[in-house]
Amino acid sequence: MGTETERTAVADEAADRRREQRGWYFYDWACSVYSTSVLTVFLGPYLTSVAEEAADAEGFVHPLGIPVRAGSFFAYSVSLSVIVAVLVMPLVGAAADRTGRKKPFLGAAAYVGAGATAGMFFLAGDRYLLGGVLLIVANAAQSVAMMLYNSYLPQIAPPEERDAVSSRGWAFGYAAGALVLVANLVLYLAHDSFGLSEGMAVRICLASAGLWWGGFALIPLRRLRDRRTRAGEATTSEGEPPAREATAPGLRQLTATVRDMRRHPLTLGFLMAYLVYNDGIQTVISQASVYGSKELDLGQSTLIGAVLLVQVLAVAGALALGRLARIYGAKRTILGSLAAWTAVLAAGYFLPAGQSVWFFVLASGIGLVLGGSQALSRSLFSHLVPPGKEAEYFAAYEVSDRGMSWLGPLLFGLTFQLTGSYRDAIISLVAFFVLGFVLLARVPVRRAIGDAGNPVPERI
């Protein structure tokens, strides 16, 4: 009877875990539409056109009295949003860990972001400042929410399930992005048939992403469970009880984690390489639509189609690079993907204006290396984390990732402001992939894995 009871308890626990995992997938389904439809496709060109409408005769707008070229306003806003996120994430993360109540923080971040995105419906005329504020709020909220979302993974999946669960969540996000982009494309191309202007169609697409985000966020918020921490259970990386003061707990914890990482310099070396080249990846994603619209004179339907192609090929590319990693090792495969990123940007510099077919070829190259380079980077980093410090190190991974990702948009915006050429701006991003390649090549990953206290895989 006891054995039967134990089996029932195990089955019930597994069913509860599966239910919670299915709810977890749906947050990626909810928020990925913001990243794809808003940040990657519509908002960059549209906010730039709004800023240009408000610009003076020399092409400058003046937020807070600061002269900013209208074409750089979107990139600067993205950079500022990342800085805000980095300041907020450690504080929210520490509060969530200290109380064990992640779900209220996740809900607050999700609905602040969704509300700001829905508010983009009112971005019209010369309201570029409104667009900048909404972008900063939405992007920072999305970063905070993703940090909390990712932190659930170790709680809802045992080690043997974690790769599969994480991959399914990633796939859900790309599927949602593709689905909504198809609907956006229909609305945008047929806006005359619906009695809408082009600007109104874009504003509806922006706002609908916020409604989608908020609506589907209800599913994970209903299914995910909070795990309360027990008093005295947690310790810092140095074995001391965590500080209870309310002043800057997140920054203090981040500092403690970085200090602990200094005892594993090879892990820290890989993290630095990743931060550099991932900044380049994120900047290409956020600025590609601006480049296609403003430099290559491509229409919105072409840009949407290209992003759709990236969404589909990113899944195939990740699977293909995963197979290559089994043959050549993750490090060599990532290095190959960085070389491919450099070639893609070099090709993008020479793309002729008005030729959509070549832009689709460029999008195909991006899609094939996008998912794989990021997925393999996360997988390789997981081998370099000391046992028992997974959550702590991955929290620093997320914060540090966001902390560096303001530099690429800033370089892109500064290059355009100084040269007036989006081609020069896009080719400047090659520096991130070249430097990232050099830094990663210098990391002896097999020794790094051993130094972290983990078994060294046969192929890495």
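The values are calculated or read from the model by the stated rules, or taken from the named source; none is laboratory data. The shown structure was predicted, so the numbers you read here are calculated from the model rather than taken from an experiment. No Cβ is skipped: glycine too gets one built from the backbone with ideal geometry, and neighbour counts run over all protein chains shown. The area values use the complete protein model at the heavy-atom level, side chains included, leaving out ligands, DNA and RNA. Shrake-Rupley method; radii C 1.70, N 1.55, O 1.52, S 1.80 Å.
The figures follow:
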quantity	calculated
Computed over the chain: relative contact order in percent, which uses C-alpha pairs under 8 Å that are six or more apart	24
Lys, Arg +1 and Asp, Glu -1 on Cβ, resulting dipole of the chain about Cα centre, debye, nearest 20	1080
Packing-based ranking, highest mean first, of 176-188, 133-145 given that Cβ atoms within 10 Å are counted	133-145, 176-188
Over the chain: helical MRE at 222 nm, DSSP H runs n ≥ 4 each giving -39500 (n - 2.57), nearest 500	-25000 deg cm²/dmol
Exposure of residue 122 as accessible area (Å², to 10), given a probe of 1.4 Å and all protein chains	120
By accessible area with a 1.4 Å probe, ligands and nucleic acids excluded, highest first: order of 126, 226	126, 226
Summed side-chain charge close to residue 294 - residues other than residue 294 whose Cβ falls under 11 Å, Lys, Arg +1, Asp, Glu -1	-2
Cα-centred dipole magnitude for segment 261-347, charges only on beta-carbon of K, R (+1) and D, E (-1), debye, nearest 20	600
Percent carbon-and-sulfur accessible area, the chain, ignoring ligands, DNA and RNA, probe 1.4 Å	63
Accessible area of residue 427 in the full protein assembly, 1.4 Å probe (Å², nearest 10)	60
Farthest toward positive dipole pole in the chain [+1 Lys/Arg, -1 Asp/Glu at C-beta], among 321, 144, 385	385
Rounded to 10°, Cα long-axis angle of helix 356-383 versus longest principal axis of the chain	20
Surface per residue (accessible, 1.4 Å probe) for the chain, Å²	44
Segment 402-460, dipole about Cα centre (Lys/Arg Cβ +1, Asp/Glu Cβ -1), debye to the nearest 20	120
Rg/Rh for segment 19-142, where both radii come from Cα atoms and Rh is the Kirkwood radius	1.05
Loop-resident sites, segment 21-94, for GluC sites (Glu not before Pro), counting at most 11 other Cβ within 10 Å (DSSP)	58
Calculated FRET efficiency for the pair residue 56/residue 272, C-beta based, R₀ 45 Å, to 0.05	0.65
Percent of Cα pairs exceeding the 18 Å cut-off, where the set is segment 94-180	59
Selected from 62, 271, 195, residue furthest toward positive end of dipole (the chain; charges at beta carbon)	271
Per residue Cα convex hull volume in Å³ - calculated over the chain	156
Using alpha-carbon coordinates, inclination of helix 128-151 to the longest axis of the chain, degrees	20
Degrees, to the nearest 10: 430-441 long Cα axis against longest axis of the chain	20
Distance in nm between pseudo-label sites at residue 18 and residue 451 (7 Å out along the Cβ direction from Cα)	4.4
